[in-house]
């Protein structure tokens, strides 16, 4: 599978704004990654490093568990589809990982049964 061109920051923000900074799948609020990184830096400056991690460069769950619940990502509604506003949705990192490349109706059925 070929790599897709990166989405511009402007397009990311446009999708997040359109969706009201809510995950389209679970309806929970999400936070833009640069804000999560800023929170991590402020947290470390306050001397609380190591207890809770807001940010990790590789978005690992064990490295930064709050990214899983709060980290805003762009999901392609139709996996492998176009990088246009109609095929992009705001998602939390957790829902995006669970949906993976499933078709939307297939993912909704699977998540409803869990």
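Rule-based calculations on the coordinates, nothing more; no lab input. Please read all numbers here as calculations on a predicted model, not as lab measurements. Note: ideal-geometry Cβ built from the backbone for every residue, glycine included; neighbour counts use all protein chains shown.
As a rough footprinting exposure proxy, the listed residues 69, 42 were ranked by other beta carbons within 10 Å of their own, and the order from fewest upward is 42, 69.
A Förster distance of 22 Å, applied to the separation of the beta-carbon atoms of residue 14 and residue 42, puts the FRET efficiency at 0.25. Take the Cβ atoms of residue 78 and residue 35, set R0 to 25 Å, and the FRET efficiency comes out at 0.30.
Taking the Cβ of each residue in 54, 38 as the centre, tally the other Cβ atoms inside 10 Å and list the residues starting with the fewest.
Numbers: 54 21, 38 14.
Fewest-to-most ranking of 54, 38: 38, 54.
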